[in-house]
Every structure is written in C-alpha cells, then in structure tokens.
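Q: I'd like to ask you about the structure that follows.
The values are calculated or read from the model by the stated rules, or taken from the named source; none is laboratory data. Everything numeric here is computed off the predicted structure, so don't read it as measured data. Reconstructed Cβ throughout: ideal geometry from the backbone, glycine too, with neighbour counts over all protein chains shown.
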Amino acid sequence: MADLSRRALLRGAGATGVTGALAAMTGCGVPPAYVRAADRAGPDRSAHDPRLTFANWPLYIDVDDHDKQRRPTLAAFERRSGISVTYTEEINDNDEFFGKIGPALMNHQSTGRDLIVMSDWMCARLVRLGWVQEMDRAAQPHVARYLDPQLRTPHFDPGRRHSVPWQSGITGIAYNRRKLGREIRHTSDLWQDDLRGRVTLLSGLDESFAMLMQGDGVDITRWTADDFHRMTDRIRRLVSRGHIRRFTGNDYIKDLDSGDVLAAQAYSGDVIQLQADNPDIEFVVPQEGAELWAESLLIPNLAAHKRTAERLIDYYYEPAVAAELAAWVNYVCPVPAAREVLASSKDKERAALAEDPLIFPDDAMRKRLAIARDITSAERTEFAKEWNGIVGL
C-alpha cells in the first residue's frame with residue numbers, strides 16, 4: 001500500500017497562461033482545435049522499435065518494497081515482451097498536463113508520449129477534440145473480455161473506443177462513526193445539526209457535483225442545468241449558515257484523521273488507507289447513490305508506438321496482473337476477475353482485499369453507483385463560475 005495517496009496531490013486547481021488559454025479555447029469549441037480521425041495516426045514504429053513512453057500520476061503503480069525505482073508489473077511486461085518502457089510520473093494535475101501536451105496536439109505534432117492517464121472529465125475533453133486515437137480492440141482480447149461492464153459505456157466515449165480505465169473509484173462519504181455517534185446512510189445526513197461546522201466537501205466541480213445531485217434524487221446519467229442550479233442553491237445556503245466547514249482538496253484526509261472534521265466527501269481509495277491507521281473511519285455509498293469514476297489510459301495522436309501501447313494496456317487487463325496492481329493502489333479494480341486471483345492468495349492480507357467492497361464492489365453497492373454525464377464544453381464556463389463562487393476559488 002502506498003504511504004501517501006496519489007490523490008493527495010493537487011488536482012484540478014485550474015491553471016493560467018497557456019493552460020488557461022487552451023482550456024478557454026477548447027471550452028468554446030473553436031473548430032481549428034479539432035483533429036479529424038484521418039489525421040490522428042502517424043507512422044507506427046512498434047514493429048522495429050521495441051519501446052514505449054508511458055506518462056502516469058505518481059503513486060499509481062506497484063512498487064518493489066526494496067527498490068522504489070522498480071515497478072514489478074512493468075518489469076514483468078518488459079521481460080515477457082522485450083519492450084523497454086520509459087515510465088514517467090509527470091501528471092500532477094489534469095489541467096496542468098493538458099497545458100503541457102495541448103500545444104503539440106493542437107498543432108498536429110507528437111507529444112512524445114505513447115500512453116497517458118487522465119480523469120474522466122479530461123478524457124471527455126480530449127475525445128471531443130479528437131486528440132486521442134481509437135484503439136484496436138481486436139488487439140486487446142483481455143480488455144474486451146474482462147473490462148468491468150459498469151465501466152464500458154461512459155457518456156463521453158460510448159463503447160470505450162478511445163479510453164480504457166486504468167483504475168476506478170467512488171466519490172462517497174467518509175466519517176468518524178465513533179466520534180459522531182451515529183451512522184451516515186444518506187447524503188442528507190451530512191446536513192444534520194450535529195455536523196454543523198464539522199463537514200467538508202470537495203472543492204473541484206468535476207469531483208463534487210455528481211454525489212451532491214444524487215442526494216437530491218437526480219439521475220446523474222442524464223442530469224440537467226436545472227438539477228445543477230438546484231444543487232448549488234442548496235450548497236450556497238449551507239455555506240451561508242456555516243454548516244460546511246470548508247471545501248478541500250485531499251487535505252480532508254488530515255482533518256478526518258485528527259478529528260477536526262467528522263464527515264467529508266471523499267474518495268474510496270483514500271479511505272482504505274485511512275482505515276489502516278484509524279478503524280473508526282467508515283466509507284459510505286449513500287442510499288441515493290454515488291459516482292463511479294475512472295482514470296483512463298489514452299493514446300495521444302501521432303503516438304509513435306500505438307500497437308505497443310495497445311499491447312501494454314491489454315497486459316494490464318490480464319486478471320493476475322490486474323490483481324497485482326489492485327493490491328498496491330487499493331482503488332476499485334476495473335477487472336472484476338482479479339478478485340478470484342486475490343481470493344486464492346495464501347497471503348491472508350492479500351486474500352482479504354478480495355472481500356473489500358471498495359476494491360471489488362458487491363452487487364448491493366453497484367446498484368447505487370453510476371457514471372455521471374460529463375459537463376459539456378458549452379456548460380463548463382457558466383457552471384464553473386457558479387461553483388467557484390460558492391467554493392471561493
């Protein structure tokens with residue numbers, strides 16, 4: 001297990017300069033930014049150049065206990081395939097990385113990367129712009145067979161033609177049951193008087209809005225502008241009454257652990273790590289539902305090793321490999337078949353992971369999970385302005 005959650009890094013804080021300019025341009029849907037399907041692929045060097053460049057977030061892959069520079073699953077792929085993988089942990093923020101690769105993609109140039117990992121809402125932007133390539137599923141039999149059915153049809157990429165989940169997760173509620181002295185089962189439970197000034201919400205619009213809408217009974221697969229404004233009206237009133245302590249990035253982890261906050265909107269993977277040190281912390285998928293999200297693998301336009309990238313993606317969908325990754329990162333595994341691999345482990349701690357619903361959600365939990373319709377480019381400017389005004393950004 002990682003000593004520090006990958007999501008404890010700064011996420012989606014917004015950017016200035018080239019990133020802000022690109023975001024504004026693409027948010028307005030400027031036609032020149034769009035790349036036609038016929039112009040996305042370049043000469044593929046996979047057959048005669050056995051290497052690959054893979055950009056990911058920090059702390060998002062298994063690491064050898066004795067050699068922090070060694071990543072066992074990647075090393076196994078290199079031995080098996082003869083392919084050399086240059087693995088970089090250079091993605092610390094969706095917008096920041098968009099600003100790094102955007103100028104090249106906008107100008108029909110290679111990014112120098114064959115494989116990247118982005119959050120759902122950024123995947124949506126890249127897919128809409130035509131900045132990532134469609135994958136050849138015939139070359140990815142494990143993805144075709146083992147990808148979690150609940151993750152197969154996101155609104156932004158029907159059929160997952162351009163994206164494949166690296167890991168998944170749930171945005172729900174974490175709380176200290178012992179200190180609160182009661183259970184939380186509904187989103188509305190956060191608004192009870194005994195939590196006044198002791199509850200936090202996530203500051204990022206894309207990270208926070210879906211669960212809050214679900215608390216109002218909204219089907220987040222088809223939410224409307226009216227649903228959004230009704231939710232923000234509620235949150236604005238709670239802020240004015242001092243009920244919400246603050247809006248956070250991942251510093252809610254520290255607040256929950258110290259007891260300064262008794263309940264927080266939270267990510268499932270973070271809570272698994274918190275529970276290891278504080279068993280009083282519980283994670284809840286509210287009865288009204290919670291958002292199931294993914295951070296997905298994408299192949300940028302003009303990637304020099306597209307076929308090799310597809311091969312690496314498919315490798316990580318082998319259940320045994322997916323199980324190794326899941327045992328280390330502790331997010332929702334997008335390969336349900338990996339559960340049986342972990343369950344059969346002779347190591348009791350690893351076998352116990354197979355029973356953790358925050359890694360392998362059970363049927364009852366899955367019924368309450370949904371993938372939200374993404375915020376479109378036409379909606380984003382207005383909605384972000386409204387949300388940021390409430391949060392204080």
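Q: Which one of these is touching a residue at least 12 places away in the same chain (Cβ under 8 Å) and closer than 22 Å to L325 by Cα: A144, A75, A124, A139?
A: It is A139.
Q: To continue, here is another question. Scan the helices (runs of 4 or more DSSP H) fully inside the stretch 174-258 and keep the ones with 1 or more residues being surrounded by 20 or more Cβ atoms within 10 Å (Cβ to Cβ) and polar (S, T, N, Q).
A: So the answer is 205-214.
Q: Another question, if that's okay. Pairs please, first residue from the stretch 232-261 and under 14 Å from Y175 (Cβ atoms), second anywhere and at pLDDT below 95 and among the polar types (S, T, N, Q), Cβ atoms under 7 Å, 6+ apart in sequence or on different chains.
A: As it stands, the answer is I253/S5; D257/N278, since those pairs meet every condition given.
Q: A75: assigned to a loop (DSSP other than H, G, I, E, B), aliphatic (A, V, I, L, M), over 24 Å from the mean Cα position of the chain (by Cα) and loosely packed, with under 15 Cβ neighbours inside 10 Å, yes or no?
A: Taking the combined requirement at face value, the residue does not satisfy it.
Table: residues versus (1) modelled with pLDDT of 95 or more; (2) closer than 30 Å to D362 by Cβ; (3) surrounded by 18 or more Cβ atoms within 10 Å (Cβ to Cβ).
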{"position": "E90", "(1), (2), (3)": "yes, no, no"}
{"position": "D95", "(1), (2), (3)": "no, no, yes"}
{"position": "I101", "(1), (2), (3)": "yes, no, yes"}
{"position": "R113", "(1), (2), (3)": "yes, no, yes"}
{"position": "V117", "(1), (2), (3)": "yes, yes, yes"}
{"position": "W131", "(1), (2), (3)": "yes, no, yes"}
{"position": "P141", "(1), (2), (3)": "yes, yes, no"}
{"position": "R145", "(1), (2), (3)": "yes, yes, no"}
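Q: Looking only at the stretch 310-332, which residues are under 15 Å from T73 (Cα atoms) and touching a strand residue (DSSP E or B) at 6+ places or on another chain (Cβ under 9 Å)?
A: Selection gives R311, L312, I313, D314, Y316, Y317, L325, A326, V329.
Q: Check whether at least one residue in the stretch 284-303 is hydrophobic (A, V, I, L, M, F, W, C), closer than 29 Å to S84 by Cβ and out of contact with any strand residue (DSSP E or B) (no Cβ under 7 Å at 6 or more places or on another chain), and report yes or no.
A: Among the residues of the stretch 284-303, at least one is hydrophobic (A, V, I, L, M, F, W, C), closer than 29 Å to S84 by Cβ and out of contact with any strand residue (DSSP E or B) (no Cβ under 7 Å at 6 or more places or on another chain), which makes the answer yes.
Q: Confirm whether D206 is in the same structural domain as G269 (by TED's automatic domain parsing), under 21 Å from Y60 (Cα atoms) and among the charged types (D, E, K, R).
A: yes
Q: Can you find a residue in the stretch 48-56 that is modelled with pLDDT under 95, closer than 20 Å to I313 by Cβ and surrounded by 13 or more Cβ atoms within 10 Å (Cβ to Cβ)?
A: no
Q: Moving on to the next point. So G159 ticks every box in (1) part of a helix (DSSP H, G or I); (2) closer than 29 Å to D93 by Cα; (3) at pLDDT 95 or above but one. Which box is left unticked?
A: Failing condition for G159: (3).
Q: Would the stretch 339-356 turn up any residue that is in contact with a Gly (Cβ under 8 Å, 6 or more places away or on another chain), closer than 26 Å to L59 by Cβ and in contact (Cβ under 8 Å) with a residue 12 or more places away in the chain?
A: No, because not a single residue in the stretch 339-356 is in contact with a Gly (Cβ under 8 Å, 6 or more places away or on another chain), closer than 26 Å to L59 by Cβ and in contact (Cβ under 8 Å) with a residue 12 or more places away in the chain.
Q: Now for a different question. Does V164 meet the test of being surrounded by 22 or more Cβ atoms within 10 Å (Cβ to Cβ) and of a type in the set (V, I, T)?
A: Values: surrounded by 22 or more Cβ atoms within 10 Å (Cβ to Cβ): yes; of a type in the set (V, I, T): yes.
In short, yes.
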